[in-house]
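Nothing in this text is a laboratory measurement; each read-out follows from the coordinates by a stated rule. Being a predicted model, the structure only gives us computed values, none of them experimental.
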Amino acid sequence: MKDLIKGKAIVVGKNIDTDQIYPGRYLELVDPNDIAKHAMEGVDPNFYKRFNPGDIIVADKNFGCGSSREHAVITLKTAGVAAVIAPSFARIFYRNAINLGLPLITCANITEFVKEGEELEVTLSTGTIKNNTVTTEIQGDELPPFVLEMISYGGIKQYYIHKHEEK
């Protein structure tokens, strides 16, 4: 996993719940390409068309609230979301994201700092977020080294498989 992530900001609002991230009516889909087409459909039916793999979602507070289903994180990863930045996350969504290898950065004032389409650089190990469109920088929370390592393996399952193989 790269420590530095660069991508275009896709800005969404607050209280984005897991059903907006991946509507429950698609839970029976199993093909990753089919799943990715419905990412964020509850927020914007055209999200997948305006999104490019590697883009960064910038949300207001309480991103990922609602149910504990992992499908929301799986959908974002499958679609190619590089990271999600928000002032706060629902705790179960946050844990699911770490377990599945999706980087999240908590940043209190991120919605005042970024507008739709602006180019961002995020350094995961320091929590530094640069807005290259307007040449400014803001500090988010850094991810602990063990979380960075887990994300680097693609999530907790691959992390433990690797750690077991080292012994």
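Things to note:
- Flagged links, alpha-carbon separation over 31 Å, of Lys6/Lys61; Lys37/Lys115; Lys14/Lys77; Lys8/Lys167: Lys8/Lys167
- Cα-based reach from Lys130 at 19 Å (exclusive), listing aspartates and glutamates while leaving out same-chain residues under 8 positions away: Asp3, Asp55, Asp60, Glu112, Glu116, Glu118, Glu119, Glu121, Asp141, Glu142
- For Val12, nonlocal amide neighbours, meaning residues 5 or more places apart or on other chains whose placed amide H falls under 5 Å from its own, are Val58, Ala59, Asp60.
- P(r) weight above 21 Å for segment 58-167, C-alpha pairs, percent: 37
- Extension gain from Asp34 to Tyr153, taking 0.36 nm per residue of separation minus the Cα-Cα distance: 40.4 nm
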